[in-house]
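The values are calculated or read from the model by the stated rules, or taken from the named source; none is laboratory data. A quick note: this is a predicted structure, and the numbers were derived from the prediction, not measured. With ideal geometry, Cβ positions are generated from the backbone for all residues, glycine too; neighbour counts draw on all protein chains shown.
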Amino acid sequence: MINDRPITYLDSAASSVPPRAVIEAMSRHYERRHANVHRGVYQTANESTHDYESAREAIARFINAPAGANEIVFTKNTTESINLLAKSWGAANLKAGDVVLVSEMEHHANIVPWFQLREALGIEVRFIPVGDDFRLDLTTIDELLEGVKLVSVTSMSNVLGTVNPIKDLAQIAHRHGALIAVDAAQSVGHSPTDVTELDVDFFAFSAHKMLGPTGLGIFWTRQEILADMPPFLGGGGMITDVSSTGYVPAKGPTRFEAGTPPIAEAAGLGAAVLYLEGLGMDNVHEHEHHLTEDALSRLETEFDGRIRVIGPRDTIARGGVISLDVEGVHAHDVAQVLDQFGVCVRPGHHCAKPLMKRFNLIATARASYGPYSLIQDTDVLLEALTDAVKLFG
Amino acid sequence: MSNLEDLYREVILDHYRSPRNRGELATPPAIRVEGFNPLCGDEIVVYLMVEDGVLTNIKLTGHGCSISQSSSSLMSAAVKGKTLTQVRDTIIKFKQLMTVHETSLESSPNPEVVDVRTLGELAALQGVVKFPVRIKCATLAWNTLSQALDEVSG
């Protein structure tokens, strides 16, 4: 309860709410099977390793990784996955003058690591513009791809809800001899994912945005690319051999998993994958699509144009993230009034300042749906928004 | 339970809708100081004209939420025409108003509880302390003014 009202959780784009199955999987791990992973010979150590490695297999299946679990690296979050890409693959494969092409709708997590690489190596960071229709403007994509070694774009904007044509972009990037990385944090928990079918090269996302726990991110790349990537963090678990004169890194994903990994979180993620597979990602997508269409149409008709949606009106290739600009009311004030109704939305720049600047915005109030969201959540949202408009009107 | 009316008093909404002392002053002779709240993107620019130890004029530009905007407007009305000593005194009182909740929670024997009656319209902002995440919105303008005064005396 918030302010004597039941919670209306509309902040799934920031973090999703784990179902009981996920919490129980983590509890079960700590209560009955907890031990450090790998190399233990006693029973719980084996079970712990099993929990951890089964999650890797579950994720490989969930995104259809062509060579399975050997291509799945566990990190801390999406941000760390992109940093792994930049600091391992990027540092080894890019040189001064090479171009990394991102887009104007990226989260800071897919901008700052490339700026850091620019400082370190002298690469160029180029931006695909966003059109007035809130979608990538691909009219000059062939020119933009001149000299590009890597395209790194989001599959779905965390501000606009725009779903980008990743398969097309992968084709164009490959035609120009570039690889393509995808920040998939916003899409994996909301629609079916198939990295083989998309024909992409790198994929980064987080467990906690797909009904799993915080503290666990996923990095996927094709086996042959992973095999040549230098280690990122050094320490235990990532080696084949260490002597007083040097070390030999492990092969496969563990090379990037130095130190004790988030084991209980992996157990939680495994349960989240099973839960989502049970729901069926097509059904999840259909459900959220219905909620989004309903909300957009009511926002359009019920507020006399006083509330503007910063994102596509068309719900084809659009997810359940709805950024609102309420005329004359700052996003923080909107969120404050909504809180009185128990409605959880997120105000601010959503770590996408270049995009906010593109649309001359300081902040938006963002409502976002998850698989558990209901049409009643939208009812309460609209009731609260009516109050906000009245208070500041 | 924190009540929304405690936060959005009529005085606050009035200053938000019709902010006082909006605009710029020529620099020099005026001084100009910027303040930012990087978390929410709020920005404020304070222009001060100080003559013979008196803050003879103040203008503000910038953008932000109703709390940061009304607080800056209320501040400008409260300090304009005052001596720098009086201005500093008002800043201290306002800062105390913004921390009174915290100190009472810690039940520290702080004798410096502000008499809100001496604060005039500024007292309308006392409800902000019930919404801890909004305190930084209310204090942005005051911190910026404080910084500007340091430049005057520095």
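Remark: pairs (first residue in segment A:68-79, crowded, with 24+ Cβ neighbours inside 10 Å; second residue in a strand (DSSP E or B) and hydroxyl-bearing (S, T, Y); Cβ separation under 6 Å; 6+ apart in sequence or on different chains) = A:T78/A:S206.
Is it the case, given these coordinates, that A:D325 is more than 19 Å from the chain's Cα centre (by Cα), within 14 Å of another protein chain (Cβ to nearest Cβ) and modelled with pLDDT of 95 or more? Before you say what the answer is, go through the steps one by one.
Working: more than 19 Å from the chain's Cα centre (by Cα): yes; within 14 Å of another protein chain (Cβ to nearest Cβ): yes; modelled with pLDDT of 95 or more: yes.
Yes, satisfied.
Tell me whether segment A:264-280 contains one or more residues that are free of Cβ contacts under 8 Å to residues at least 60 places away in the same chain and over 30 Å from A:D377 (Cβ atoms). No; the residues of segment A:264-280 include none that is free of Cβ contacts under 8 Å to residues at least 60 places away in the same chain and over 30 Å from A:D377 (Cβ atoms). In this structure, A:L85 does not qualify as of a type outside the set (F, W, Y), more than 26 Å from A:S323 (Cα to Cα) and in contact with a Leu (Cβ under 7 Å, 6 or more places away or on another chain). Is it the case that A:A352 is more than 24 Å from B:S70 (Cβ to Cβ), in contact (Cβ under 8 Å) with a residue 60 or more places away in the chain, within 14 Å of chain B (Cβ to nearest Cβ) and crowded, with 24+ Cβ neighbours inside 10 Å? Answer is yes for this residue.
Listed residues A:T245, A:T214, A:T260; which is assigned by TED's automatic domain parsing to the domain that holds A:K76 and at pLDDT 95 or above? Selected residue: A:T214, the only one of A:T245, A:T214, A:T260 that is assigned by TED's automatic domain parsing to the domain that holds A:K76 and at pLDDT 95 or above. Every listed requirement among (1) buried (at least 16 other Cβ atoms within 10 Å of the Cβ); (2) closer than 21 Å to A:G217 by Cα; (3) of a type in the set (A, V, I, L, M, F, W, C) is met by A:A45 save one, (2). Kindly evaluate B:L74 against the criterion of being without any contact (Cβ under 8 Å) to a residue 40 or more places away in the chain, more than 10 Å from chain A (Cβ to nearest Cβ) and buried (at least 18 other Cβ atoms within 10 Å of the Cβ). In short, no. Counting the residues of segment B:1-11 that are part of a helix (DSSP H, G or I) and within 10 Å of chain A (Cβ to nearest Cβ) gives 3. Does B:V54 count as away from every other protein chain (no Cβ under 14 Å), surrounded by 24 or more Cβ atoms within 10 Å (Cβ to Cβ) and not acidic (D, E)? Answer is no for this residue. Being closer than 20 Å to A:W220 by Cα, surrounded by fewer than 19 Cβ atoms within 10 Å (Cβ to Cβ) and in contact with a helix residue (DSSP H, G or I) (Cβ under 9 Å, 6 or more places away or on another chain) is the requirement here; does A:E277 meet it? So A:E277 passes the test.
Within segment A:57-89, restricting attention to residues that are assigned to a helix (DSSP H, G or I), touching a strand residue (DSSP E or B) at 6+ places or on another chain (Cβ under 7 Å) and not charged (D, E, K, R), the residue that is farthest from A:P165 (Cα to Cα) is A:L84. Candidates in segment B:135-145 are the residues that are more than 22 Å from B:T85 (Cα to Cα) and surrounded by fewer than 23 Cβ atoms within 10 Å (Cβ to Cβ); of these, the one that is farthest from the other protein chains (Cβ to nearest Cβ) is B:I135.
Residues that are without any contact (Cβ under 8 Å) to a residue 60 or more places away in the chain, within 20 Å of A:Y9 (Cβ to Cβ) and of a type outside the set (V, I, T) within segment A:313-337 comprise A:A331, A:H332, A:A335, A:Q336, listed in sequence order. Here B:V50 fits the description: of a type in the set (A, V, I, L, M), more than 16 Å from the chain's Cα centre (by Cα) and in a strand (DSSP E or B). Filtering segment A:359-381 to residues that are more than 14 Å from chain B (Cβ to nearest Cβ), crowded, with 17+ Cβ neighbours inside 10 Å and not polar (S, T, N, Q) leaves A:A367, A:Y369, A:G370, A:P371, A:D377, A:V380, A:L381.
Note on segment B:26-47: among residues that are more than 10 Å from chain A (Cβ to nearest Cβ) and not in a strand (DSSP E or B), the one that is farthest from A:H350 (Cα to Cα) is B:P29.
With the requirement that a residue be of a type in the set (S, T, N, Q) and in a strand (DSSP E or B), what does segment A:1-27 give you?
Kept after step one, since they are of a type in the set (S, T, N, Q), are these residues of segment A:1-27: A:3, A:8, A:12, A:15-16, A:27.
Residue satisfying the conditions is A:T8 alone.
A:P262 falls short on exactly one of the conditions (1) within 17 Å of A:L211 (Cβ to Cβ); (2) out of contact with any strand residue (DSSP E or B) (no Cβ under 9 Å at 6 or more places or on another chain), and that condition is (2).
Among the residues of segment B:12-25, write down those that are more than 10 Å from chain A (Cβ to nearest Cβ), under 30 Å from A:R5 (Cα atoms) and buried (at least 17 other Cβ atoms within 10 Å of the Cβ). Steps first, answer last, please.
Here is the first cut: in segment B:12-25, the ones more than 10 Å from chain A (Cβ to nearest Cβ) are B:12, B:14-15, B:18-25.
Narrowing further to those that are under 30 Å from A:R5 (Cα atoms): B:12, B:14.
The one that is more than 10 Å from chain A (Cβ to nearest Cβ), under 30 Å from A:R5 (Cα atoms) and buried (at least 17 other Cβ atoms within 10 Å of the Cβ): B:I12.
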